[in-house]
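I'd like to ask you about the structure that follows.
The values are calculated or read from the model by the stated rules, or taken from the named source; none is laboratory data. What you are looking at is a predicted structure, and each value in this text was computed from that prediction instead of being measured. Methodologically, a virtual Cβ is constructed for each residue, glycine included, from the backbone with ideal geometry; neighbour enumeration extends over all protein chains shown.
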Amino acid sequence: MIKITLPDGSSREYEKGVKVIDVAKDISEGLARVVVGAVVNGKPRDLTYQLHENSEVELVKFESEVGEDIFRHTSSHILAQAVKRLFPGTKLAIGPAIENGYYYDFDSEHKFTEEDLEKIEKEMNKIVKEDLEVERFTLEKDEAIKLMEEKGENYKVELIKDLPEGETISFYKQGDFVDLCAGPHLPSTKKVKAVKLLSLAGAYWRGDENNKMLQRIYGTSFEKNKQLKEYLKRLEEAKKRDHRKLGKELDLFTMHEEGPGFPFFHPKGMVIRNILEDLWRKEHYKRGYGEVKTPIILNEELWHKSGHWDHYQENMYFTKIDGADYAIKPMNCPGALLIYKSNMYSYRDFPFRWGELGLVHRHEMSGALHGLMRVRNFTQDDAHLFMLEEQVKDEIKGVIDFTDYLYNIFGFKYRVELSTKPEDSMGTQAEWDLATDSLRAALEEKNIEFRINEGDGAFYGPKIDFHLEDAIGRTWQCGTCQLDFQMPQRFDLTYVGKDGEKHRPVMVHRTIFGSMERFIGILIEHYAGAFPTWLAPVQARILPISDKFNEYGEKIKKQFEEAGIRVELDTRSEKVGYKIREAQVEKIPYMMIVGENEVKNGTIAVRDRAEGDLGEKNTEDFIKIIKEKIKTKVNDSPNA
RNA sequence: GCCCAUGUAGCUCAGGAGGUAGAGUACUUGCAUGGUAAGCAAGAGGUCACCGGUUCAAAUCCGGUCAUGGGCUCCA
C-alpha cells in the first residue's frame, strides 16, 4: 500500500492495480502537484494528483523495484543530455526505452564513431554522479512549440504539432537539459548506476525510408554493475548459439559470396532437413493432405493474373525462355491454382488439402539478408486448402491445431499475431473484413492469445502468424495461415453446388515451419547445436582406444547401422581423450568407447554428451534405448 | 536499398607510420598405441575480398565495387 501523507495529517492512498514507481515534482504554474510514475495494467503512465495549494508532500513508502521501462527511459534522457553537451549542434529525435535497454536518435553534422561512444558513456556517468533532479513541467501546445523552436529542435516541434489539440504537453528537465516526454521518469539521474552504450546504427526519422537517416545510439543501463555484467555475459552466451556460427562449426550449411542469400546445405545439414521433411509428410498424410509439386519458373502472364506483378514485382526474379517472359516463383499459390483448374469439382469433394514443399525465390534487399533466417531462395512447407465457405472455420482451426502439434514436438513457445489489411492490397474492404473476422473467430474459439498486427497482412488476404524466438530474443515469423478470397476470383475457381450452379471456393494458404531454412536456423539456436538424438546428424560415434580395437569398432558400427542409427567410427590414431573432445565439440549425443575390456566382454562404454560417462553397456540393450528415444522424439539436449 | 563498422591461411585472429606477411587451430607426414575434453615433431597453406588511382614501389594511402556484421526499412 502506498500512501502520501500531507502536513495536515490527511493522506492519500493509491488505487488498486497501480504499482508506484517513483515521484517527480511538478514545477509548473506554482501549483503543488505530485506526479507519480506508475505502472497501470503493465503500461507505464503518469498519474497526477492535485493537492492543496502550498502543501508539502512526503512519500512515506514506495515500491523499491524500479520499473525497467522508466529506468531505461531516464537513461535515454541522460544519453541525450551527454550528446548535447559533447556535440552542441545535435538535434534530438526520439529516445524510448526498449527491451533490455534504450536508444536515442540524433541528427548531427558529426558522424558518431565507436570512440565517441566511449566519450559519451563517460559524460553519462558524470551526469549520473551530478545527481540532477528530474523535474516535470507542462506547457500549452503553442508554448511547447515555441520552446522547442527556440532550442532549434525541429523534430520535437514536428512531434508536438502531431499531438492532439487542447492537451497540455509534458516536459522533463534535468539540469540544463529539457526534453519533450510523456514520462514517467526517475526522480534523479543518480538512480542510474551502470550505464553502457552498445552500438551505433542508422534509423530513418519516423521509421520511413523516404525520411532522413538519423544516427541511433543503442545503450542499456542497470541499477547495479553486477546486473550489467550479467547482461553482457548473457549476450556473449547468446552469440555462441548464433546459427551462422554453429552452422559453420557443425558443418551444416555455408553461405558464399557467389550466391548472397542462397544457402548451401552440407550433408549433415541435409540430414536434419530430410528428417523434418519426413516428419512433415507423415503428419500431413495423417491429416488428409495430398502432396503436389509445381514448377519454379512460370510464364509471366500468370503473375499478372495473380496480382503478383502489381503487388510483388520488386521481389521477383525474371527470365526469358525462347524469347517469352517468365518469372521465377516467389510464392507457390499460382501453381496450386493451375492444378485446381485442371478439373471440375462437386461441393461433395471439399475440402482439398494440398501440401507442397515449394522452392521459392525472392529478391530481398541486400541489407535484409541474415543467415538462414532471411534468404533469397527457400523452401516453404506450403499448403493450399480449398473449401466451402461453411468449412472455413474448421479448416483454420485444423491448421492452428496442426501448427501447435508440430511446434510442441520441439518444445517451442510461440507468439500468435493476426495481421490485417496492408496499404497495398487487392479486394474490397468488405471481403477483408469477412476474412479477418473469420480468422479472429477461429483464434477466439481456440482460446488462443494473439495480438493484432495492423497492416501486415499479405496483399491478397489477412493472416494468422506464428512467431518463434531466436537465441537473442529476436522473433521470426514461421508459420502463417492466410485466408484468401482474391485468388479464387482472379483465377475464376469454381465448383458445382447442390443447386447445379457454379460457386466460388475459399482458399487458405498456410505454412507451419514457414521455410525449411528459417526453421532449421531457429532449431540450431533453440538447441544451441546440440540436437536431440532423433534430429542429430550423427547420433553416435564409436571411439576405439587404439588401432587394435578398430576391428571390434567395425562390428559395433554394423550393429548400429542395421538398427538404423546414424553412427560413425573414428579410426584415427589419436588418443581417446582427443576423440572424445572432438565428438563433444561436434555435439554428438552418444560416444561409444571400445578397448580391451569391451572386446573381452562384448560390450561398449557409453558416454553421453550431457551426462558424461554412463559406464559399460550391453550393445543390444543400448541400441534399443536409442531407438526408443528416436521413436518418441525426446528433446534430450539440456545445455549440452 | 539506406546508416555505421568490418574483410589478412579452411577456421579464430595478430601485424603492417608504403619495401609482397605471422600465431593458434585444422590439414599432410613421421614418431607414439595411449581408457573419458587437446601426445611430440616436421611439412605444406595466403595475388592480405575485387577493380582502379597515387607512387620507383600498395596488403598498407585514396576512390569505387562486392560480401559480411549491427541497425533502419521490408519479409517466411
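Report whether or not A:GLU230 is acidic (Asp, Glu), more than 12 Å from RNA strand B (Cβ to nearest atom) and loosely packed, with under 15 Cβ neighbours inside 10 Å.
yes
If you go through the stretch A:244-263 one residue at a time, how many are near RNA strand B (Cβ under 9 Å from one of its atoms) and surrounded by 18 or more Cβ atoms within 10 Å (Cβ to Cβ)?
2
Let me ask another. Right, A:THR420: at pLDDT below 95, surrounded by 15 or more Cβ atoms within 10 Å (Cβ to Cβ) and on the phi < 0 side of the Ramachandran plot or not?
The answer is yes for A:THR420.
Among the residues of the stretch A:533-548, count how many are over 16 Å from A:ALA583 (Cβ atoms) and either among the aliphatic types (A, V, I, L, M) or within 16 Å of RNA strand B (Cβ to nearest atom) (or both).
The qualifying residues number 4.
Further question on the same structure: Can you tell which of A:TYR312, A:TYR326, A:TYR317 is of a type in the set (Phe, Trp, Tyr) and more than 31 Å from the chain's Cα centre (by Cα)?
Going through A:TYR312, A:TYR326, A:TYR317 in turn, just one is of a type in the set (Phe, Trp, Tyr) and more than 31 Å from the chain's Cα centre (by Cα): A:TYR326.
Can you name the residue in the stretch A:282-303 that is in a helix (DSSP H, G or I) and touching a residue at least 40 places away in the same chain (Cβ under 8 Å) and is also nearest to A:ALA536 (Cα to Cα) among such residues?
Looking at the filtered set, the residue picked out is A:GLU283.
If you don't mind, another one. Would you point out the residue of the stretch A:586-607, among those that are loosely packed, with under 15 Cβ neighbours inside 10 Å and touching a residue at least 12 places away in the same chain (Cβ under 8 Å), that is farthest from RNA strand B (Cβ to nearest atom)?
Selected residue: A:GLY602.
Hey, another quick one. Restricting to the stretch A:174-226, what's the tally of residues that are in a strand (DSSP E or B) and either surrounded by 15 or more Cβ atoms within 10 Å (Cβ to Cβ) or of a type in the set (Phe, Trp, Tyr) (or both)?
Number satisfying all stated conditions: 23.
For (1) touching a strand residue (DSSP E or B) at 6+ places or on another chain (Cβ under 6 Å); (2) at pLDDT 95 or above, each residue gets a yes or a no:
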position	(1), (2)
A:LYS558	no, yes
A:VAL567	yes, yes
A:GLY595	no, yes
A:LYS629	no, no
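Applying the selection to the stretch A:133-155, what residues are crowded, with 19+ Cβ neighbours inside 10 Å and of a type in the set (Asp, Glu)?
Correct list: A:GLU135, A:GLU153.
A further question on this structure: Can you name every residue in the stretch A:233-243 that is crowded, with 17+ Cβ neighbours inside 10 Å and more than 9 Å from RNA strand B (Cβ to nearest atom)?
A:ARG241, A:HIS243
Look through A:VAL567, A:VAL576 and report the one residue that is within 7 Å of RNA strand B (Cβ to nearest atom), in contact (Cβ under 8 Å) with a residue 12 or more places away in the chain and within 43 Å of the chain's Cα centre (by Cα).
After applying the criteria, what remains is A:VAL576.
Follow-up. So which pairs qualify, if the first residue must be in the stretch A:377-391 and among the acidic types (Asp, Glu), the second must be not in a strand (DSSP E or B), the Cβ gap must be under 7 Å, and the two must be at least 6 apart or on different chains?
These pairs meet every condition: A:ASP381/A:TRP280; A:ASP381/A:MET516; A:ASP382/A:ASN332.
Still on this model: Residues of the stretch A:319-357 being within 16 Å of RNA strand B (Cβ to nearest atom) and assigned to a strand (DSSP E or B), which ones?
A:ILE328, A:GLY355, A:GLU356, A:LEU357
Would a scan of the stretch A:230-239 turn up a residue that is outside any loop (DSSP other than H, G, I, E, B) and either touching a Pro at 6+ places or on another chain (Cβ under 6 Å) or within 20 Å of A:ARG374 (Cα to Cα) (or both)?
yes
Something else now. Out of the stretch A:304-313, which residues are without any contact (Cβ under 8 Å) to a residue 60 or more places away in the chain and surrounded by 16 or more Cβ atoms within 10 Å (Cβ to Cβ)?
A:HIS308
So, one more: Of everything in the stretch A:145-171, what is in contact (Cβ under 8 Å) with a residue 40 or more places away in the chain and either in a loop (DSSP other than H, G, I, E, B) or under 18 Å from A:ASN211 (Cβ atoms) (or both)? Give them in sequence order.
A:GLY152, A:GLU153, A:ASN154, A:TYR155, A:LYS156, A:LEU159
Look through the stretch A:358-391, keep the residues that are more than 15 Å from RNA strand B (Cβ to nearest atom) and surrounded by fewer than 17 Cβ atoms within 10 Å (Cβ to Cβ), and return whichever of them is nearest to A:PHE262 (Cα to Cα).
Among those residues, the one meeting the criterion is A:GLU389.
To continue, here is another question. Report yes if A:ALA528 is within 30 Å of A:TYR414 (Cα to Cα), within 9 Å of RNA strand B (Cβ to nearest atom), under 33 Å from the mean Cα position of the chain (by Cα) and at pLDDT below 95, otherwise no.
The answer is no for A:ALA528.
Of all residues in the stretch A:96-132, how many are within 19 Å of A:GLY183 (Cα to Cα), surrounded by 16 or more Cβ atoms within 10 Å (Cβ to Cβ), free of Cβ contacts under 8 Å to residues at least 40 places away in the same chain and not aliphatic (A, V, I, L, M)?
Count: 0.
Which condition from (1) farther than 23 Å from A:LYS248 by Cα; (2) modelled with pLDDT of 95 or more; (3) not aromatic (Phe, Trp, Tyr) is the one that A:PRO589 breaks?
For A:PRO589, the failing item is (1).
For residues that are surrounded by fewer than 20 Cβ atoms within 10 Å (Cβ to Cβ) and among the hydrophobic types (A, V, I, L, M, F, W, C), tally how many sit in the stretch A:314-344.
8
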